[in-house]
Structure formats: structure tokens, C-alpha cells
Amino acid sequence: MTIVARLLATAALISLSTAGVARTAVAPPDAKALEQAFDAQISSTDQLAWLKDMSSAPNHVGSPHDRANAEMQLALFKQWGWDARIETFQVLYPTPLSTTLELVAPERVMLGGQEPAVAEDASTANLQGALPPYVAYQGDGDVTAPVVYVNYGMPDDYDALAARGITVKGKIVLARYGGGWRGLKPKLAQEHGAVGCLIYSDPVDDGYGERDPYPHGGGRPETGVQRGSVQDITQYPGDPLTPGVGATAGAKRLTRATAPTILKIPALPISYRDATKIMSRLEGPVIGGRARGGLALAYHWGGTDAVKVHLAVKSDWSLKPLYDVIAVMRGATRPDEWVVRGNHHDGWVFGASDPLTGQVALMSEAKALGALARTGWRPERTIVYASWDGEEPGLLGSTEWVEAHADELVRKAVVYINTDGNGRGFLSAEGSHDLQHFVNAAARDVTDPQTSVSVLDRLRAIVRAGAFAGTERRDVDTVALDAAKSGGDMPIGALGSGSDYSAFLQHLGIPSLNVGFGGEGGGGGSYHSVYDSFYHVTKFDDPGLVYGAVLSKTIGRLVLRAADSPRVPARYGDFATTVARYVSEVKKLAADQREKDRALRDLTRDDVFKLASHPEDPTIAPEGKGVTPLIDMLAIEDASDRLARSAHAADAVLERMPTLAMAAQVRMLALLRDIDQLLLDHAGLPGRPWYRNLIYAPGTLTGYGAKTLPGVREAIEQRRFADATAYVARTAAVLNAYADRLDAVVSVGK
């Protein structure tokens, strides 16, 4: 999904604050001068040089170049005046010793293997030390079986197969990327009895359906393969053997057999050229509608012995080192309050776009902050810059660091600011909604290099233009479009998973942001492939790294303002209004599901599905699951209403906080210091206690995608109605605790 599409989609999930709080500049005049001095130090030329060097060789976890990149950054941080060190963790990270994929019936055809070099891109011929296409944390095995095409391999796709009497038990499934997170495809296949899983990038989703293939354009070529992790991060991220504790040398570890986030069946990613060789031979009814992709052939479900594949994967399951680079600039007056900023430095191959475009932006910021410090400026709060290792396999470096330092972080960290890969175009931001205005204020003060307006105004423009063209969802209209028209704050999205904020926000309750630019570059098709190279980035993704500099200036403002403001600039009415939206959504979810259950019961009774079944593609009625009961939502509705009153009152008091007595200000700041941690339930979410935030979590069936009010929402979706009732109460409790704290702030400020 492009940055713009993701922004428009996530905007539908949140709402604007209606608080009557004046929009005032976060930064006073002296701070603006400091920010201008910061901007003067940001250099795209620096970023290009670092990117070329850091992406010059494969830098997956455990590779020599991955360590060299960490040591190079360590030396630079020290040169720029930071107190820097490398923290090392030992994690289970499987790397393939051998991979085999071949069509064995109706004829023998060898498939798989490394992507071929591209003449225009010298990096693609420099594959010494590169690993072949693979997915980490699949289960090793050697199987030969018939193939079943399962579309995106999501739950509704298995419902479609069941309606046709097609089973994947004992079969190898062929799924296309999209529709849900990568790791769910082999997980669901395993749960349905499959013995193996292949995942390919369909060109309608990731190839010539979107843009010209590489090297003519930035799209995925027919030989491109998307690597990735299939670790079940919906249970917990990080090292599979050390959930909840840092993976230090002496840590107590699970065994590979008992680690629940490691899959049991073998899986491989493949190109759409190889997928064509399998798909073109499958038999059965012709597939139409949403299950048909963009290959130039008729799609069939398969499943017969006519088409068989041999799939084998063998891996090295040893512990491997992670190298987290941690740099600290001690605060002058609040050294025990930390502003933490991170990006990761490991990639699947060269990793030029993902993650190094974001990493070199972080390095620009660190260099600029070091230059400011040499002029005599010191931040009020301590600033911690982190270059994480092992993000790609499962957020390893950040999670292990957070788990190892959890006690200190809950006492000291006031905000975490994350980036990942970056591109050209429009601002995208997700995060804790009390920071929504904070992001908007920074975006208003950064100039877009293509248009000379602010990046915030440019974002408003694309939303309005998209609305006129009809390219965005209708439910976005009343949120992002109204904000764009009125000149108000643009909504930010909710955080699920997929990058290094997860342990901060969802495990420790530290308010977090994830920020980037994109939507205009011609790239995207290089994602997690050998073609994610310096040439690809500078030709298609962000020529000249112009938006790398814009990212640095945007994040730099967030860091400086968080470090130097009396409090991290939060507006609690934005959070309250967003929660109210989420409560309305879960109420509607339950009502809509109940109505659909009743409709299915009536349609089945009237033999509608039998009468409508196509003779060439016969289907049966979906399995009835009963009728969703009425779920009493009163407790969470009342808590949301109370939160809104408390939040708007607190915002009003905080606007005049500088006029209050110093003792009152100190008390108010102390009350707000850890308020977001009140959103945690220490029992966690059902079946996955590592995730403790009851407002934001990755979905068990979305992975990267966020589930808001997850304890309630997913319990309804998954028909765990006792859990739904329990988590209405639990979620109401954390919202009331949050409101209690805001009420205490108001009392102090009276």
C-alpha cells in the first residue's frame, strides 16, 4: 500500500478533536531560531554518502556488513559528541542452508533461487554473502504435495474454499501477498492442515499492475521476490526464545520446539514468474471476482494430484548477535526524562530503501544535534538515539532492548519517535492520539521542497484532490477531508505493528509516533528484494534524498520540542475524541455482525445458496455460527463520555499552566509524566499477554494492521463473547484511570 493510500485508509479510523483549545505554536521564538540552526546542518549530500556506503553489501542479521554498519555509526555518533555504545543481544535467527522448489507434476521444472542481476544496477551483481529468498521463522521441512491456490490466504479465502468443498489438508498452498500480513498466510495454512506454503507477489498488487517493472520503472519485475518474516508477532515480537526478557547471553530461553511464534511447516516466497508456471497448470473451476489476480492466465483453485510441487527448506537455527547502537545526549535540567528516537539498520539484502533511507535521516539529525551542542546548547531532557538491529526478522533489536531496560524506561521515557524507510511525497503519521496536534504543529513549520508550502498544507491538498477525484473511501470524508477543508489538524492513524515502536507503545505504554513521507516515488517494487539498492532509491524512490532532508527536519522539530518544552506537547481532547470514535465503531461492529448472522440463518433456511449455486462452480451455504448476542457496552460508553469531559477540561487548564504557581506546574507535570501507561492492563490481551495496551494493538488476523480497543473488537469479531464482555469492563477501567489522572491535573490547576 502506498503512503497516501495508507494515510487515507487509516484516517477513516480516527476523528478530529472538537476541543475549544486555541491552536498555538509549540515553539517560542528562541526555539524557532534553534530549529533554523538545526535545519542548516541537514544535508542530503551527507545522507547520500552514508546510504551508498551502508547499502554497498548485504546487511542481514549476522552478516559482516551489518556489524560494520553498526560500528561505523558508533564512530560517527562519538565524533558528533554523543555518549555512544553498542549493546549486543543473542537471538535465535534462522538463516537458510538450502532451499528447494520444483514442480514435479505434470512435468519437472526447477523453480526458486536468487533473483538475477540487472545490468543498470551494479549492486545486484554483488551478492557475495547474500542469502537466497526466504521467510524467517518458517518451519524447516521437505514435502511433496498437490497445490491449492488460496488467493490472499486470509480467513474469508478459506471460507470460499470450504463453500466449494476444497480442503488444503495435506496440500501446499499458494497464496499471494496482500490482504493481510505475510506471517498469517503460512500460519492459517498450517492451522487448516496444509504441509507447506508458497507466497508470491501478484503483478496486480505488486508489479506491472501499479507501475513499470524494474529497471524501466520502480515496480517489481517478474523475477522479484519479497522476503520477510513469518514469525507470529501477533503473539509477541522479538526473540522467540526470550519473551518478556532481554536476550542477553545468560537469559533463560525456551526451546525452539516450545517457542509459540515459530511455525511448523516449510514456506518460501517466490516470484510471479515462478507462480505463473504453477498457476498455469492448476485445474478446477475458473476463478473470478476478487480472488483473481493479474497474471495473464485463467485462475483455478487446483488441489488435484495433477499438479504437485516439491518444497524443502533447511536452516541454521543458531543464536546470532544483534548490534544496537545507542547514543545519549544528557539533559541539562531533566536528565531522568528521556526522548527516544529510533530507526533500524538491518535489511533483507542491501536494504537501501527499507530501512536505510530512514536511518540516514536519523544520522543527519544526530549530526545536527551534535553541532548545536558544540555551540553551547543542551537539551532540557535527555535525548536517546537508537539504531536498531534485527527489525526485519521480528522487531528483535528494539524489543530486546526495551525488555532489558523496561524498569528504567517506564520511569524515564516520555515519548518514542520512530521512522523506517522513507520516500518522496506526502507526510504520513501514526501514533498515540494525544500527540496528534504535536505532529501537526511540526508539519506546519516544515517546507515541502516541491511546492514551497508546508508539508501539512501539501497533505491537506492531496486529501482534497483525492476527494474530488473519488479516490478515497467515503468514511474518510468526515474526518480527513473536513480537516483539510477547514485548515485544522490532520488526523493521524493508529499503530499496529511492523516497526520498532511496538514494544514501547504496546508493551510499556510509552506514547509513540511513526512518521514518514511517500506516495510520489516510482519505487515500492523493490521491497524486501535484491533490487532494494542505492540505484533504485536514487533513481525512483527519492532522487537526491530530497525528502530524506525533509524527514530529518520534521523529526528534528519533534525531538527538539519534546526535549525542551515544559511538557511533551500533548492534547488530550484529540485522544478522547478518537476513543469515542472507536467506541462507536465497536458498537456498530456488534450490531452489523448480529444482523448478518440473522440474514445467514434466513438465507440458509430458504435454500438461497443452493438455488444460486453455479453448476460449473457449485457452492454450499456458509457454516452458521449462531447469532451474536447483545453485548452491554454501557461501561465503555460512560468511560468514553467521562474521558471527553476530563480531557477537554485538562487541555483548557494546561493552556494557562505557565501562569500558575511553580509548585502547581511541577505537580501537574508529574501527574502527566506517565499518563499513557495507565492504558495498560497488566493481564494483557486474551491469549497474548505481552500486548498490554487496551487502545492499540496489532490484530491477530491483520498483523501489521492496527486493532483499536482490541480486547473488545477482536472478541466480537472472533465470537468470543465472554471475552467481549470482560474487556468492555477492563477497557472502561483503563479509560477511567486515565480520566482520573486528568481530573487530578485540573484540580491542581484550579
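Roughly how many Å is it from the Cα centre of the stretch 591-640 to that of the stretch 125-189, as a whole number?
First find each Cα centre; the distance between them is then 28 Å.
Hey, rough spin-label estimate for residue 304 and residue 105, points 7 angstrom out along Cα→Cβ, what's it come to in nanometres?
Placing both labels 7 Å along Cα→Cβ, they lie 1.1 nm apart.
For the stretch 193-233, go through all pairs of different Cα atoms, get the mean of 1/r, take its inverse, and jot down that Kirkwood value in Å.
11.7 Å
Kirkwood Rh, the stretch 210-266, all Cα pairs: how many Å?
14.3 Å is the Kirkwood radius here.
With θ set to phi - 60°, apply the Karplus curve 6.51 cos²θ - 1.76 cosθ + 1.60 along the stretch 305-315 and write out the HN-Hα couplings as whole Hz, x wherever there is a Gly or Pro.
6, 5, 10, 10, 10, 9, 10, 9, 9, 10, 10
Return, for the Cα atoms of the chain, the radius of gyration and Dmax in Å, separated by a comma.
25.6, 83
Can you run phi through the Karplus equation (6.51, -1.76, 1.60; θ = phi - 60°) for the stretch 712-726 and list ³J(HN,Hα) in whole Hz, with x for Gly and Pro?
Each residue's phi maps through the Karplus curve to give 7, 4, 6, 5, 5, 4, 9, 6, 9, 6, 5, 5, 4, 5, 5 Hz.
Give me the number: length gained by fully extending residue 588 to residue 258, i.e. 0.36 nm times residue separation minus the C-alpha to C-alpha distance, one decimal in nm.
114.9 nm
Cα-Cα over 18 Å: which of 32/485; 187/625; 169/610; 52/539; 367/553?
Working: 32/485 27 Å; 187/625 23 Å; 169/610 25 Å; 52/539 13 Å; 367/553 12 Å.
Among 32/485; 187/625; 169/610; 52/539; 367/553, the Cα-Cα distance tops 18 Å for 32/485; 187/625; 169/610.
So what's the angle, to the nearest 10 degrees on a 0 to 90 scale, between helix 455-469 and the longest Cα principal axis of the chain?
40 degrees
If you average 1/r over every pair of different alpha-carbon atoms in the stretch 501-580 and take one over that average, what Kirkwood value in Å do you get?
After inverting the mean inverse Cα-Cα distance, the result is 15.7 Å.
What spacing in nm lies between the two simple spin-label points modelled at residue 36 and residue 464, each 7 Å away from Cα in the Cβ direction?
2.8 nm
How many angstrom lie between the Cα centre of the stretch 519-575 and the Cα centre of the stretch 677-750?
First find each Cα centre; the distance between them is then 29 Å.
Under Stokes-Einstein, with the Kirkwood radius over Cα pairs standing in for Rh, what whole-number D in µm²/s applies to the stretch 441-596 at 37 °C and 0.692 mPa s?
Calculated translational D: 177 µm²/s.
Test of understanding: what is the full-extension gain from residue 630 to residue 53, defined as 0.36 nm times their sequence separation minus their Cα-Cα distance?
201.8 nm
For the Cα atoms of the chain, what angle does the longest principal axis make with the long axis of helix 64-79, in degrees from 0 to 90, nearest 10?
10 degrees
Efficiency by 1/(1 + (r/R0)^6): what FRET value for residue 216 and residue 613, r their Cβ-Cβ distance, R0 = 56 Å, to the nearest 0.05? Could you put the intermediate results ahead of the total?
Values: r = 45 Å, r/R0 = 0.80.
After rounding, the FRET efficiency stands at 0.80.
Per q in 0.12, 0.25 1/Å, what log10 I(q)/I(0) does a Debye calculation on the alpha-carbon atoms of the stretch 542-633 return?
Debye output, listed in q order: -0.70, -1.13.
Ignoring ligands, DNA and RNA, please state the percent of accessible area on the chain from carbon and sulfur, probe 1.4 Å.
Details: 14340 of 26600 Å².
Its accessible area is 54 percent carbon and sulfur atoms.
Points 7 angstrom from Cα along the Cβ direction at residue 45 and residue 747: gap in nanometres?
Label-label distance for residue 45 and residue 747, simple model: 5.9 nm.
Sort 273-281, 508-516, 584-592 by packing, meaning the average of other beta carbons within 10 Å per residue, with the highest value first.
Peptide ranking by packing, descending: 508-516, 273-281, 584-592.
How much FRET efficiency would the formula 1/(1 + (r/R0)^6) give for residue 620 and residue 314, where r is the Cβ-Cβ distance and R0 is 45 Å, rounded to 0.05?
Given R0 = 45 Å and the Cβ-Cβ separation, E is 0.65.
Pull out the extension gain between residue 411 and residue 248, defined as 0.36 nm times the separation in residues minus the alpha carbon to alpha carbon distance; nm, one decimal.
Between residue 411 and residue 248, full extension yields an extra 56.5 nm.
Using a 1.4 angstrom probe with every protein chain in place, what is the largest-first accessible-area order of 52, 367, 320?
Values: 52 125, 367 60, 320 25 Å².
Most to least solvent-accessible, the answer reads 52, 367, 320.
Run lengths n ≥ 4 of DSSP H only: what is the helix-derived mean residue ellipticity at 222 nm for the chain, with -39500 (n - 2.57) per run over all residues, to the nearest 500?
Here the helix-only value at 222 nm equals -11000 deg cm²/dmol.
How high is the FRET efficiency from residue 721 to residue 122, r the C-beta distance, R0 56 Å, rounded to 0.05?
Efficiency for this residue pair is about 0.45.
What would the Debye equation give as log₁₀ I(q)/I(0) for the stretch 229-294 at q = 0.13, 0.23, 0.24 Å⁻¹, counting only Cα atoms as equal point scatterers?
The calculated log intensity ratios at q = 0.13, 0.23, 0.24 Å⁻¹ are -0.61, -1.01, -1.06.
Can you tell me, using C-alpha contacts under 8 Å and at least 6 residues apart, the relative contact order of the stretch 624-713 as a whole percent?
Reported relative contact order: 13 percent.
Which whole-number value in Å² is the accessible area per residue of the chain, probe 1.4 Å?
The answer is 35 Å² per residue.
Under 5 Å between amide hydrogens, which residues at least 5 positions from residue 251 or on another chain qualify, with H placed 1.01 Å from N in the peptide plane?
none
The values are calculated or read from the model by the stated rules, or taken from the named source; none is laboratory data. No experiment lies behind these values; they were computed from the predicted model shown. Note: ideal-geometry Cβ built from the backbone for every residue, glycine included; neighbour counts use all protein chains shown. Accessible surface is based on the protein model in full, side chains and every heavy atom, while ligands, DNA and RNA are left aside. Shrake-Rupley method; radii C 1.70, N 1.55, O 1.52, S 1.80 Å.
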